[in-house]
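Structure record follows, encoded as structure tokens.
What follows draws every value from the coordinates through simple rules; no lab data is involved. Since the model is a prediction, treat every value here as computed from it, not as a measurement. FYI the Cβ positions are ideal-geometry reconstructions off the backbone, even for glycines, and counts take in every protein chain you see.
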């Protein structure tokens, strides 16, 4: 079981350098500038689709490594995208709780 998780995390690590900063950035936007969760959610989904496309196209040869170990492409992607989305939801929840705790209930006025 540990080996399977290690292999799943190895694959997730191949695109986490792009995905984690996006999660942190959108959580910061939610915290600081009170962006709508609806907009942030769909932005995150769109970026995951782009990441999925690029990893499938540019790291296609690396997927043979996982296939040779007995992992299907579908299972690897389900695990990785679910993990990334859980991290995103946790970051959004943490930003929301921090925002409430610090009393940031304002929307900055950029036009004055």
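Quick one: angle between helix 2-33 and the longest Cα principal axis of the chain, in degrees between 0 and 90, rounded to 10, please.
Between the helix axis and the principal axis of the chain, the angle is about 20 degrees.
What distance in nm lies between label points placed 7 Å from Cα along the C-beta direction at residue 3 and residue 34?
For the pair residue 3/residue 34, the computed spacing is 5.4 nm.
Note down the Stokes-Einstein diffusion coefficient of the chain in µm²/s, whole number, using a Kirkwood radius over alpha carbon pairs, 4 °C, and 1.567 mPa s.
83 µm²/s
What angle, in degrees between 0 and 90 and rounded to the nearest 10, separates the Cα long axis of helix 37-58 from the longest principal axis of the Cα atoms of the chain?
The answer is roughly 30 degrees.
What number, in percent, do you get for the relative contact order of region 1-80 if the mean sequence gap of Cα pairs under 8 Å and at least 6 apart is divided by its residue count?
It comes to 42 percent, rounded to a whole number.
Which value in deg cm²/dmol, rounded to the nearest 500, describes the helix-derived mean residue ellipticity at 222 nm for the chain, given -39,500 (n - 2.57) per DSSP H run of n ≥ 4 and division by the residue count?
Computed ellipticity for the chain at 222 nm equals -28000 deg cm²/dmol.
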